[in-house]
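Structure record follows, encoded as structure tokens.
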There are 2 protein chains.
Amino acid sequence: MKRLPDGCIDLAFADPPYNIGYQYDVYNDNREYHEYLAWSRDWMGEVHRVLKPAGTFWLAIGDEYAAELKLIAQRELGFTCRNWVVWYYTFGVNCVRKLNRSHAHLLYFVKDPEQFTFNADDPAVRVPSARQLVYGDARANPKGRLPDDTWILRPHDVPHGFSEREDTWYFPRVAGTFKERAGFHGCQMPEQLLGRIIRLCSNPGEVVLDPFAGSGTTLAVAKKLGRNWIGYELSEEYARGARERVNAAKEGQPLRGAANPLTSVLPTPTHEISQKIERRLRARRQRSQKAALRQRELRFE
Amino acid sequence: MKRLPDGCIDLAFADPPYNIGYQYDVYNDNREYHEYLAWSRDWMGEVHRVLKPAGTFWLAIGDEYAAELKLIAQRELGFTCRNWVVWYYTFGVNCVRKLNRSHAHLLYFVKDPEQFTFNADDPAVRVPSARQLVYGDARANPKGRLPDDTWILRPHDVPHGFSEREDTWYFPRVAGTFKERAGFHGCQMPEQLLGRIIRLCSNPGEVVLDPFAGSGTTLAVAKKLGRNWIGYELSEEYARGARERVNAAKEGQPLRGAANPLTSVLPTPTHEISQKIERRLRARRQRSQKAALRQRELRFE
């Protein structure tokens, strides 16, 4: 990135290592606290430098360092945070002594709070409103509305899927050519997620940067959407895989995964499930009441 | 709070003003950045002081100051963050130039990372697992599992409800005796949310503190669940309302709202909605294709 000139990038999307001890092949993901922060300051400073004055920076990060990296970006580098998006996935790692982890943070920064690209009217970005969806209300804006700042990913939204019988999903294989790369963030970023970000914050022909290209999702989506792209990747193996993936992507090609997050929710029959739960909970309650009665009887014998 | 002795509280839950210019009757919610941080450091320091060594502190906070307050609690006061819970509600304020706000942060801190109350086995805290729910899998843990760290609140989960015809929900009236107090955090905290926190992080007979009692939800729920409680409230009017509410609450009384977040999701017929969306999207696509064709014809005439 040091070789890029100042102010040449329109949009940067970064999903850096979260410093949670994940086993990468060439990178140590278990640095000392302040060393990780100093390193983050360095690469985010470079992102700030190479962005155009009206440029945009999206940062994906876990709970451990979300607060720290947000404040470094704001206070030390001068970014303005426009939205704090929470990416909620329903297949977190199952914990016994903590609440199960089920989200990552997507921090949306701009260099200049007055001037930036925000394609609020792109129909591919807008989502149907409740008025349109549920009620077909004539007063609804026919263009739909902007998405919320909480984005949901469910098991069946993941391109290559995984067993729906599992609560817990550790190391999905994402595609034959790449190493498994999921830590707790679960999977490589889905194309639809990058699609939303790239459509919202850049225009065709502009330049998208990914400093941690990984499996190449950002670059492949940028290419499909007619953007130019630059990516960096430490790992030879990832870089090879990403290159193949980007080469295979064609401008205008549809993105993988369901475009409409509401449609993709379809497979879960909420109503039936709720009835099932109710029946099971009732049965369980009855059983434990009976057991309690039996115990009480024993005690008083 | 200054009059409380050191180390007398088991659990503190605080939902302070978010410093976003909300109109309270006696409090200025529009302080200068560093003034708000200094004030937050003060009251959180007091919380730290009055907590027992094995005490727990939950902080509800908006996007604007979540990072700042998390780092003050960790770095300056010595709290350890065990979970970063995101509270997702599906009725955010509708924005035109930003993504719609749809969540708040619930930061879960302990004073001692080795010693704290965490009632992971309380059946009222556990939720059914996907294995139990969907598949009735015999290998599933019959006790269910711990909840995720993203908690969902939907319009029909709000005790006094509001029109489901609205995407946007500004100032719900919460109860006749209180002033409307919702800013973007939308509503007074639901009893089920406090119920989960109080059950998980305290035991019957222990002491729960709320430094910003507001409408008294924390205190009323603490009383219903057999805990002792202490609350502070600047506003005479809120304090009067909260007192009435706590007096009316009885130990052992059920909490308001649906206990099972999955059951409460029931009213939305996902499958039908998805089909409706699909039909509407298809129709819209066809209309715009026709319009495009017509335009093209006009252009070439």
Among residues of the stretch A:75-98 being open to solvent by less than 10 Å² (accessible area, probe 1.4 Å) and part of a loop (DSSP other than H, G, I, E, B), the residue nearest to the other protein chains (Cβ to nearest Cβ) is A:Gly92
Taking the stretch A:42-80 only, how many residues are more than 22 Å from B:Leu106 (Cα to Cα), without any contact (Cβ under 8 Å) to a residue 60 or more places away in the chain and among the aromatic types (Phe, Trp, Tyr)? 2
Among strands (runs of 3 or more DSSP E) completely within the stretch A:133-239, the ones holding 3 or more residues that are at pLDDT 50 or above, in contact with a helix residue (DSSP H, G or I) (Cβ under 8 Å, 6 or more places away or on another chain) and within 14 Å of another protein chain (Cβ to nearest Cβ) are A:150-153
Only one of (1) under 24 Å from B:Trp84 (Cβ atoms); (2) under 23 Å from the mean Cα position of the chain (by Cα); (3) without any contact (Cβ under 8 Å) to a residue 60 or more places away in the chain is not met by A:Tyr18, so which one is it? (3)
If you check B:Ala67 against the conditions, is it in a strand (DSSP E or B) and out of contact with any strand residue (DSSP E or B) (no Cβ under 7 Å at 6 or more places or on another chain)? no
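Yes or no, residue by residue, for (1) surrounded by 15 or more Cβ atoms within 10 Å (Cβ to Cβ); (2) farther than 30 Å from A:Asp148 by Cβ; (3) of a type in the set (Gly, Ala, Ser); (4) modelled with pLDDT of 95 or more:
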{"position": "B:Gly7", "(1), (2), (3), (4)": "no, yes, yes, yes"}
{"position": "B:Tyr22", "(1), (2), (3), (4)": "yes, no, no, no"}
{"position": "B:Pro53", "(1), (2), (3), (4)": "no, yes, no, yes"}
{"position": "B:Tyr65", "(1), (2), (3), (4)": "yes, no, no, yes"}
{"position": "B:Ala73", "(1), (2), (3), (4)": "yes, no, yes, yes"}
{"position": "B:Asn100", "(1), (2), (3), (4)": "yes, no, no, no"}
Suppose we filter A:His34, A:His48 for residues that are open to solvent by 10 Å² or more (accessible area, probe 1.4 Å), out of contact with any Phe, Trp or Tyr (no Cβ under 9 Å at 6 or more places or on another chain) and at pLDDT 85 or above; which single one remains? A:His34
All positions within the stretch A:65-97 that are over 16 Å from the mean Cα position of the chain (by Cα) and closer than 15 Å to B:Glu68 by Cα: A:Ala67, A:Glu68, A:Leu69, A:Lys70, A:Leu71, A:Ile72, A:Ala73, A:Gln74, A:Arg75, A:Glu76, A:Thr80, A:Cys81
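Look at B:Met44 and say whether it is out of contact with any strand residue (DSSP E or B) (no Cβ under 7 Å at 6 or more places or on another chain), in a loop (DSSP other than H, G, I, E, B) and over 17 Å from B:Gln188 (Cα atoms).
So B:Met44 fails the test.
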Qualifying positions in the stretch A:15-43 - closer than 15 Å to A:Gln74 by Cα and in contact with a Leu (Cβ under 6 Å, 6 or more places away or on another chain): A:Ser40
Residues in the stretch B:102-118 that are under 15 Å from B:Arg199 (Cα atoms), within 11 Å of chain A (Cβ to nearest Cβ) and in a loop (DSSP other than H, G, I, E, B) total 2
Could you tell me how many of the residues in the stretch B:232-254 are crowded, with 22+ Cβ neighbours inside 10 Å and either of a type in the set (S, T, N, Q) or within 25 Å of B:Lys52 (Cβ to Cβ) (or both)? 1
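The values are calculated or read from the model by the stated rules, or taken from the named source; none is laboratory data. Because the structure is a prediction, the values reported are computed rather than measured. Cβ atoms come from the backbone with ideal geometry, glycine included; neighbour counts cover every protein chain shown. Protein only, heavy atoms only, side chains kept; ligands, DNA and RNA dropped before computing areas. Shrake-Rupley method; radii C 1.70, N 1.55, O 1.52, S 1.80 Å.
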